[in-house]
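Below is one structure; the comments refer to it alone.
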Amino acid sequence: MAVADQKLDLADCINDVCPWSGDPVSKDALSTYRGHVVGFCNPGCRDKFEKATRLFETKLKRAKAQG
């Protein structure tokens, strides 16, 4: 996930279009996922992605802990 102080660069982004909308990514809508910079068309799409990935990562950790 994006870190507030972290400076993300559009040049490092692994995708050219937003996975939600298909629109071009924007420099103000970048995040990180598993060590990679990922982009979205706007901060709302980025925030939706971050919320979804937090949910899944939490569920995966719980499932792994339960064996």
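The values are calculated or read from the model by the stated rules, or taken from the named source; none is laboratory data. Everything numeric in this text was worked out from a predicted model, so none of it was measured. Virtual Cβ from ideal backbone geometry, glycine too; neighbours counted across all protein chains shown.
Quick look at the numbers
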{"quantity": "Test: residue in the stretch 17-29 that is acidic (Asp, Glu) and under 11 Å from the mean Cα position of the chain (by Cα)", "calculated": "no"}
{"quantity": "Leading residue by the ranking (nearest to Phe49 (Cα to Cα)) among those in the stretch 1-16 that are more than 13 Å from the chain's Cα centre (by Cα) and modelled with pLDDT under 95", "calculated": "Ala4"}
{"quantity": "Qualifying residues in the stretch 33-67 (those that are among the hydrophobic types (A, V, I, L, M, F, W, C) and within 10 Å of the chain's Cα centre (by Cα)) - the one farthest from Ser21 (Cα to Cα)", "calculated": "Val37"}
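Conditions tested, residue by residue: (1) in contact with a strand residue (DSSP E or B) (Cβ under 6 Å, 6 or more places away or on another chain); (2) exposed (fewer than 10 other Cβ atoms within 10 Å of the Cβ); (3) not acidic (Asp, Glu).
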site: Leu8; (1), (2), (3): yes, no, yes
site: Ala11; (1), (2), (3): no, yes, yes
site: Pro19; (1), (2), (3): no, no, yes
site: Gly35; (1), (2), (3): no, yes, yes
site: Phe40; (1), (2), (3): no, no, yes
site: Pro43; (1), (2), (3): no, no, yes
site: Phe49; (1), (2), (3): no, no, yes
site: Leu55; (1), (2), (3): no, no, yes
site: Lys61; (1), (2), (3): no, no, yes
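Results for (1) of a type outside the set (Phe, Trp, Tyr); (2) in contact with a His (Cβ under 9 Å, 6 or more places away or on another chain), shown as yes or no for each residue.
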{"position": "Asp12", "(1), (2)": "yes, yes"}
{"position": "Pro19", "(1), (2)": "yes, no"}
{"position": "Val25", "(1), (2)": "yes, no"}
{"position": "Arg34", "(1), (2)": "yes, no"}
{"position": "Gly44", "(1), (2)": "yes, no"}
{"position": "Phe56", "(1), (2)": "no, no"}
{"position": "Lys59", "(1), (2)": "yes, no"}
{"position": "Lys64", "(1), (2)": "yes, no"}
{"position": "Gly67", "(1), (2)": "yes, no"}
